[in-house]
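A quick write-up on the structure given underneath.
The values are calculated or read from the model by the stated rules, or taken from the named source; none is laboratory data. Note that the structure is predicted; figures quoted are calculated from it, not measured. Here the Cβ positions follow ideal geometry from the backbone for every residue, glycine too, while neighbour counts run over all protein chains shown. Each accessible area value is taken on the protein alone, full model and side chains, heavy atoms only, with ligands, DNA and RNA left out. Shrake-Rupley method; radii C 1.70, N 1.55, O 1.52, S 1.80 Å.
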Amino acid sequence: MMRKVNVAIVGATGAVGTQMIKLLENSSLPLGTVKFLASKRSAGKQLSFKGDTQTIEELVPDSFEGIDLALFSAGGGISATFAPEAVKRGAIVVDNTSHFRMDPEVPLVVPEVNPEALREHKGIIANPNCSTIQMMVALEPIRQAFGLNRVLVSTYQAVSGAGNQAMEELKQQTRDYLDEKPVAEWQADILPCGGDKKHYPLAFNALPQIDVFADGGYTYEEWKMINETKKIMEDDTIKVSATCVRIPVMSGHSESVYIETERAATVAEIQALMEKAAGVVLEDDPSQQIYPQALNSVGKNETFVGRIRKDPDEEKGVHMWVVSDNLLKGAAWNSLQIAETMYEMDLLN
């Protein structure tokens, strides 16, 4: 008889936590006890799970007594404080924040790319950045077949990646625009980054800043893509650079990705790889205007790849367009997929 897995979701009321709950309802994990944890402010609220009503509990260290698996998505500070408490009580933590990602002791995992890294865990597994995850799913099959020297990526990221309040702010700004209110009167308190000094409207705009600025004029989001790519692929020699942009799309991150491979590959060869790749859907027929779109990715777990074309001036250069639902494959689904993969590998003990 299958041993049941007791699960806690931390940050159950957030944009990602809400998706985790939906996915858990249909998960292949044999569920035992399921707890939904959030701040004191949200404790006592009720939500539906598998047809039953469940009450959200306040997150405290003892919340993890008897828990086998804790899925965290409540901010880096919460993970820093409570993930070690969960591990201390015997739980395995899958953390969706950036807090543990670059810790050499913590595996950073995309199940289609590096599942074997899960065997190295010491209680905590990190979920990569949303924009990194979808790029890794698309690039790893190419790297395996043709090698990979360079990655240049520009992202077009949805507002849901900044949370529920940012989504509401974008909706209000859109109403203001349609009501012909002057831009100076629009409310902008969150984007491009809640922690920075100035805030700008996103409606009918594009903001080339996600997170605060760091070394070299790159934002932390851009450095995440650079460093996480090298860690996941276990190759510090790959040249990676990123420009991350927030656009007025609700859900679904899009990326323009340019790569240089070690051995030249044709478009047909790369398309064939994408057709076979786990977690990838190829949408690539320019003659019929078929290519991935953010709107079509919403609610789907896969990563969509199209616009594959050779660079006209670089024999080993290839361009592609990569799209995925940032709340699902970029966050909640990758977290749950890690848990399901660990169960299949008999690592959830």
What about D346, is it in contact with a Gly (Cβ under 7 Å, 6 or more places away or on another chain) and charged (D, E, K, R)? no
Given Q134, Q165, which one is open to solvent by 10 Å² or more (accessible area, probe 1.4 Å) and assigned to a helix (DSSP H, G or I)? Q165
Sole miss for E116 among (1) buried (at least 21 other Cβ atoms within 10 Å of the Cβ); (2) not in a loop (DSSP other than H, G, I, E, B) is condition (1)
Just a yes or no: is a residue in the range 286-293 assigned by the TED database to the domain that holds C244, assigned to a strand (DSSP E or B) and open to solvent by less than 70 Å² (accessible area, probe 1.4 Å)? no
Unmet requirement for R143, which otherwise passes all of (1) open to solvent by 10 Å² or more (accessible area, probe 1.4 Å); (2) within 24 Å of L327 (Cα to Cα); (3) not assigned by the TED database to the domain that holds Q337: (2)
Residues that are assigned to a helix (DSSP H, G or I) and open to solvent by 40 Å² or more (accessible area, probe 1.4 Å), drawn from the range 173-202: T174, R175, Y177, L178, V183, A184, E185
Taking Q209 as the residue in question, decide whether it is more than 23 Å from A332 (Cα to Cα), open to solvent by less than 40 Å² (accessible area, probe 1.4 Å) and assigned by the TED database to the domain that holds S254. yes
So which of L47, L152, L71 ends up being open to solvent by less than 20 Å² (accessible area, probe 1.4 Å) and of a type in the set (A, V, I, L, M)? L71
Need at least 2 residues that are within 26 Å of F100 (Cα to Cα) per element, so show me which strands (runs of 3 or more DSSP E) inside the range 1-83 make the cut, counting only ones lying wholly within it. 5-10, 31-38, 69-72
Within the range 246-263, take every residue that is assigned to a strand (DSSP E or B) and not polar (S, T, N, Q) and give me the one that is surrounded by the fewest Cβ atoms within 10 Å (Cβ to Cβ). Y258
In the range 74-90, how many are open to solvent by less than 40 Å² (accessible area, probe 1.4 Å) and either of a type in the set (F, W, Y) or at positive phi (or both)? 2
What about T243, is it among the hydroxyl-bearing types (S, T, Y), out of contact with any strand residue (DSSP E or B) (no Cβ under 8 Å at 6 or more places or on another chain) and open to solvent by 50 Å² or more (accessible area, probe 1.4 Å)? no
Of all residues in the range 137-152, how many are assigned to a helix (DSSP H, G or I) and in contact (Cβ under 8 Å) with a residue 12 or more places away in the chain? 9
